[in-house]
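The values are calculated or read from the model by the stated rules, or taken from the named source; none is laboratory data. It should be emphasised that the depicted structure is a prediction, and the values quoted were computed from it without experimental measurement. Here the Cβ is made from the backbone with ideal geometry for all residues, glycine too, and neighbour counts use every protein chain on show.
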Amino acid sequence: MIVLGLAGHVDHGKTALVRALTGIDTDRLPEEKARGMTTDLGFAALRLFAPRASAAEGAAQEATPHARPRTFISQAAANQDPARRDSLPEGSPLDIGVIDVPGHERYIRNMVAGAWSLDLALLVVAADDGWMEQSENHARVLSATGMARLIVAVTKIDKVSRERSEEVEQDSFRRASTIFGAQAIAGVVGISALHGEGIENLKALIAAEAARIEAARLGSPRSREGFLFIDRIFSKPGVGRIVCGSLVGGTFAVEEEVIQSPGGEILRIKGIESLGKAISSISGTARVALNISKTKAGTARGDLLYKAPRNSSQYYSGREFIVKVEELPYSTSPVTKDSEILKKGGEIEAAVGTAGRIGKIIPLGNHPWYRFSCAEELAFPSSSPLVLIRHGGARIVGRAWAVFEGKTDRIARRKLAILLAGLGNASPPDAAEAIRAAIAPQPQNDSGGRRGDPILDRVPTEDSNSDQDLTIDDRVVLEPSLKKAEKRLREAGRHCIEYQNTVNANFRTTGKAQTPALPPRKDLDRLCALGIALPLDRNLFIHRDTYTTLVAAILKNRGPGQILEIGTVKEITGFSRKFVIPFLHRMERDAYIKREGERRIILKLV
Ligand SMILES: Nc1nc2c(ncn2[C@@H]2O[C@H](COP(=O)(O)OP(=O)(O)OP(=O)(O)O)[C@@H](O)[C@H]2O)c(=O)[nH]1
Ligand SMILES: [Mg+2]
């Protein structure tokens, strides 16, 4: 099965289009029927058949005069990855689960809940209105959840002239391309849900896409782990509790146990239904209804169900996270930059899967690193980003990837800020790994004592009674004394600054004092907190840029898995053993190398 999700501005004809495609009215709530407006998710199913591979690409252009001009379709097709051209044999049945979403900005959180598990999206734009605010916002939600493929349906073409519908088709294609890239757009189809014009055309395009997606899935190994965010819950007399959702990856089977998170309760799957039929097992992606055993803590929309993961870093559940925030593309220029909204921190809403939480986002040093905390526990796979929505509004501010879960105090945060500043724009998995490595239990050091922890053991001495987090401004504008200290440290180069006690300091690599005028310890601590100076151990400091240059020189022409000899590092850096060991500890902390007994193995390159 593939899951197709609708998106688009309020009243642009999403529900009418689902009805025209499937015969099902997804507006099931009395309130929805009364207002003629979707407020929550709606579900329908559609069965199509795989077209002839060569016919598929042309199908969308021929059925109606309002179909996309030939150039757009063929351009999109030409841009496709050759692997995607493989299709299922002609006539293969294609089951498509359809998710309808509300278009009104008030229900944007429900829209996000419908947007996260899709194989294919159908972005609906009405020909009379054209591209509107929620067309843009919904497109950005789809882009936040990593949507790789979409069809643009320009609806209500019966209400406008041919010129107007073509203009909206062109404009929608251009805007969607700006957000997703032209290769992501499978086609743009003009339709009238009321008169049926273009519907067959659209079905042909959906079928061609579905057949490709299914074929690509057959060729790739299925992941063992599957997960599902609950989107509907109800009780069936004599059967018990039924929960519905979109299963992603993996297989769920009757009598198997799954974990419900938050809470970690283990539940038994008593029955599975999909497309109206009882079955013994199901593999994702699929719309499923699960009959589950009784829970102690209850079950709520937004809860995550998953099989025991192979490693614990696959899922997060908690109230506090360190996140990497990514801005999303716009098709129009935004009034305010999203990073401006984030800069001050404050209330924000985070939505992931079908879950949503209001929380606080606070800069953790420099963009893109932040801390997100919410009052109520939130569970999600580490592969799913949080969609950030401006609190109380509908604006999608960006997406956030969790890299660490857990409560942190002021000192730990400061240390994490230092670590993250050193990581720059690292990918979320790399950052998560570096943090894990930094907080893992430490081995003994070379001299048999406890290994000096350059980051997490070092308590900054400055403004210890301040309870404030570092602000971005702290980092950007250096006070004159810090500027001076930074210059000294930079000029010292390989000659790290060593404090023999809190008063005396030397620039040294070999024990020889280099220059008399040395920065005060408190300035060095401030620079460390800002990520500009890096502590190698409690008393030894180096400029971040010097460290980066030296690490690059050490790892040059080497590869992951190779052994790094102390002698080599001494030779390249010119450090004596006294300095080379703290330097290597720092590299280990930053996950460039790992210790295996006495050996140091390279993990990654710069
Ligand atoms: N003339 C014409 N009217 C249409 C067409 N599609 C939908 N409509 C009408 O437009 C109105 C809104 O349609 P819906 O399908 O409810 O729109 P929606 O996008 O689901 O709206 P929300 O769920 O509230 O976001 C209804 O009155 C429909 O009858 C069409 O192709 N042509
Ligand atoms: Mg609707």
Handout entry: Tally, over segment 177-198, of residues that are more than 16 Å from ligand 2 (Cβ to nearest atom) and under 34 Å from the mean Cα position of the chain (by Cα)
Key = 14
Fill in the blank from the handout: Inside segment 36-46, the number of residues satisfying the requirement of being within 13 Å of ligand 2 (Cβ to nearest atom) and among the hydrophobic types (A, V, I, L, M, F, W, C) is 4
Fill in the blank from the handout: Note on segment 12-35: residues assigned to a loop (DSSP other than H, G, I, E, B) and either in contact with a Lys or Arg (Cβ under 9 Å, 6 or more places away or on another chain) or near ligand 2 (Cβ under 8 Å from one of its atoms) (or both) are 12, 13, 25, 26, 27
Practice task
Take the residues in segment 114-140 that are in a helix (DSSP H, G or I) and within 14 Å of ligand 1 (Cβ to nearest atom), then tell me which one is surrounded by the most Cβ atoms within 10 Å (Cβ to Cβ).
Solution key: 138
Exercise for the section: Might you check whether a residue that is touching a residue at least 60 places away in the same chain (Cβ under 8 Å), outside the structural domain of residue 257 (by TED's automatic domain parsing) and part of a strand (DSSP E or B) occurs anywhere in segment 332-344? Expected result: no
Fill in the blank from the handout: Residue set 162, 217, 212; condition under 24 Å from the mean Cα position of the chain (by Cα) and basic (Lys, Arg); output residue 217
Problem - Residue list for segment 517-549, restricted to those being part of a helix (DSSP H, G or I), under 23 Å from residue 605 (Cα atoms) and in contact with a Leu (Cβ under 7 Å, 6 or more places away or on another chain) - result: 544, 547
Completion exercise
Over segment 569-593, the set of residues farther than 21 Å from residue 424 by Cβ and not hydrophobic (A, V, I, L, M, F, W, C) is 570, 571, 573, 574, 576, 577, 578, 582
Practice task
Being outside any strand (DSSP E or B), over 23 Å from the mean Cα position of the chain (by Cα) and loosely packed, with under 13 Cβ neighbours inside 10 Å is the filter here, so list the residues in segment 250-266 that pass it.
Solution key: 255
Exercise for the section: For residue 169, indicate whether it is in contact with a Gly (Cβ under 7 Å, 6 or more places away or on another chain) and touching a residue at least 40 places away in the same chain (Cβ under 8 Å). Expected result: yes
Completion exercise
residue 95 passes all but one of the listed conditions (1) within 14 Å of ligand 1 (Cβ to nearest atom); (2) outside any helix (DSSP H, G or I); (3) out of contact with any helix residue (DSSP H, G or I) (no Cβ under 8 Å at 6 or more places or on another chain); the exception is number (1)
Fill in the blank from the handout: Contact list, first residue from segment 1-30 and not assigned by TED's automatic domain parsing to the domain that holds residue 44 and aliphatic (A, V, I, L, M), second anywhere and within 10 Å of ligand 1 (Cβ to nearest atom) and in a strand (DSSP E or B), beta-carbon distance below 7 Å, six or more apart or interchain, is none
Completion exercise
Among the residues of segment 99-110, the number that are away from ligand 2 (no atom under 12 Å from the Cβ) and surrounded by fewer than 24 Cβ atoms within 10 Å (Cβ to Cβ) is 3
Exercise for the section: Return yes or no: is residue 388 assigned to a strand (DSSP E or B) and either in contact (Cβ under 8 Å) with a residue 40 or more places away in the chain or over 17 Å from residue 326 (Cα atoms) (or both)? Expected result: yes
Handout entry: residue 379 vs. criteria at pLDDT below 95, assigned to a strand (DSSP E or B) and not assigned by TED's automatic domain parsing to the domain that holds residue 114
Key = no
Problem - Checklist (1) of a type in the set (Gly, Ala, Ser); (2) in a strand (DSSP E or B); (3) surrounded by fewer than 22 Cβ atoms within 10 Å (Cβ to Cβ) applied to residue 350, failing item - result: (3)
Handout entry: In segment 1-39, residue farthest from ligand 1 (Cβ to nearest atom) [restricted to those that are at pLDDT 95 or above and among the polar types (S, T, N, Q)]
Key = 22
Practice task
Can you tell me which residue within segment 40-65, out of those that are over 33 Å from the mean Cα position of the chain (by Cα) and surrounded by 21 or more Cβ atoms within 10 Å (Cβ to Cβ), is modelled with the highest pLDDT?
Solution key: 51
Handout entry: Tally of residues being surrounded by 13 or more Cβ atoms within 10 Å (Cβ to Cβ) and either among the basic types (Lys, Arg) or assigned to a strand (DSSP E or B) (or both) across segment 585-606
Key = 9
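From the list 203, 296, pick out the single residue that is touching a strand residue (DSSP E or B) at 6+ places or on another chain (Cβ under 9 Å), basic (Lys, Arg) and surrounded by fewer than 13 Cβ atoms within 10 Å (Cβ to Cβ).
Testing whether each residue is touching a strand residue (DSSP E or B) at 6+ places or on another chain (Cβ under 9 Å), basic (Lys, Arg) and surrounded by fewer than 13 Cβ atoms within 10 Å (Cβ to Cβ) leaves just 296.
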